[in-house]
1. Among Ile102, Ile2, which is of a type in the set (Val, Ile, Thr), crowded, with 21+ Cβ neighbours inside 10 Å and in contact with a helix residue (DSSP H, G or I) (Cβ under 9 Å, 6 or more places away or on another chain)?
2. Within the stretch 52-70, take every residue that is out of contact with any helix residue (DSSP H, G or I) (no Cβ under 6 Å at 6 or more places or on another chain) and touching a residue at least 40 places away in the same chain (Cβ under 8 Å) and give me the one that is surrounded by the most Cβ atoms within 10 Å (Cβ to Cβ).
3. Could you please tell me which pairs satisfy a Cβ distance under 7 Å, a separation of 6+ or placement on different chains, a first residue in the stretch 10-30 that is closer than 22 Å to Ala241 by Cα, and a second residue that is exposed (fewer than 13 other Cβ atoms within 10 Å of the Cβ) and modelled with pLDDT of 90 or more?
4. Which residues, taken from the stretch 2-21, are at pLDDT below 95, in contact with an Asp or Glu (Cβ under 8 Å, 6 or more places away or on another chain) and part of a loop (DSSP other than H, G, I, E, B)?
5. Just to be sure, is Glu206 acidic (Asp, Glu) and buried (at least 17 other Cβ atoms within 10 Å of the Cβ)?
6. So which residues in the stretch 180-192 are aliphatic (A, V, I, L, M) and touching a helix residue (DSSP H, G or I) at 6+ places or on another chain (Cβ under 7 Å)?
7. Can you name the residue in the stretch 153-166 that is of a type outside the set (Ser, Thr, Tyr) and more than 17 Å from the chain's Cα centre (by Cα) and, of all such residues, is nearest to Ile130 (Cα to Cα)?
Amino acid sequence: MIAVVLAAGSSYRMRPLTDHMPKCLLPIEGKPILEQILQNISAGGFTDVLMVTGYQEQMIQEYIQAHSHGLNYRFITNEIYATTSDSVSLYKTKPYAQGQEIFLVDADLWFYPGAMNKLLRAPEADIVAINSKSHLDEEAVKVILDGSSSRIVEMGKPVDISRSVGEAVGIRKFSAAYMDRLYRVLERRIVKERILDQVFECSVQELLDHGVPLYAVDTCEWPSIEMDTPEDYFRAQKLVAAYEATLRRNG
């Protein structure tokens, strides 16, 4: 299994915090967001990481050179990061990840090893971590399940909040077979149809609509937060500080 980290975005909604720094290098509890991600990946037993970068990519590369955590990195540049979505970044991993199982992570996510381990140990080959306790709003990537099962039928920001069971956390495990299907959808949409501004969950939803199974695992035992705005970032600082304080009190 290979880890894939999507870190190309310009983070324009986080400005002015990201005027001179990529979002993934913003600190929380004295640690850059990316540092925590790489620590988790290393602790999870991974050896190889695909990093898709764009905005301020030299800063990211220099940081990783100084904080590699014993991992092997391949950097992939999304040159058109300013006008495209994460679907283009994910599609660019195809030459290096095709034929492999992947652990896919958003670089603006703070999460804990417990959530990652629960996801990786789940028996389903294709699975998304969700948090059933997250506050759901229009910006959340929401998930609807098939009845009482863990099979996903809808996933995305436009999903009806009242029917959603939680928010997709931003970590996923996909088999090589699933990624082969997803790469084909991405290629058609990006290369042939020139749809460059839609998030990759739109392609995932197309697979769901065609009956390709994808499952959810609830990781609400551990806090997680994806940061799109300064408000998200400040909320993440408070959330992580409170959780870390609880961990220290409990020894």
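1. Details: Ile2 fails: crowded, with 21+ Cβ neighbours inside 10 Å.
Checking each option against the conditions leaves just Ile102.
2. Filtering first and then ranking leaves Ile60.
3. Every condition considered, the pairs that remain are Glu29/Ala241.
4. So the first thing to find is which residues in the stretch 2-21 are at pLDDT below 95, and the list is 9-21.
Add one more test, that the residue is in contact with an Asp or Glu (Cβ under 8 Å, 6 or more places away or on another chain), and what stays is 9, 11, 13-14.
Result: Gly9, Ser11.
5. Working: acidic (Asp, Glu): yes; buried (at least 17 other Cβ atoms within 10 Å of the Cβ): no.
It is false that Glu206 is acidic (Asp, Glu) and buried (at least 17 other Cβ atoms within 10 Å of the Cβ).
6. Step one: list which residues in the stretch 180-192 are aliphatic (A, V, I, L, M), which gives 182, 185-186, 190-191.
Selection gives Leu182, Val185, Leu186, Ile190.
7. Start the filter on the stretch 153-166 by keeping residues that are of a type outside the set (Ser, Thr, Tyr), which leaves 153-161, 163, 165-166.
Subset that is more than 17 Å from the chain's Cα centre (by Cα): 153-154, 158-161, 163, 165.
On the way: Val153: 14, Glu154: 13, Pro158: 16, Val159: 14, Asp160: 16, Ile161: 14, Arg163: 14, Val165: 9 Å.
My answer is Val165.
Yes/no per residue for (1) polar (S, T, N, Q); (2) over 30 Å from Arg151 (Cα atoms); (3) touching a Phe, Trp or Tyr at 6+ places or on another chain (Cβ under 7 Å):
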position	(1), (2), (3)
Arg189	no, no, no
Ile195	no, no, no
Phe200	no, no, no
Ser203	yes, no, no
Glu206	no, no, no
Tyr215	no, no, no
Arg235	no, yes, no
Ala241	no, yes, no
Arg248	no, yes, no
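The values are calculated or read from the model by the stated rules, or taken from the named source; none is laboratory data. For clarity, every value in this text was computed on a predicted model and none was experimentally measured. Methodologically, a virtual Cβ is constructed for each residue, glycine included, from the backbone with ideal geometry; neighbour enumeration extends over all protein chains shown.
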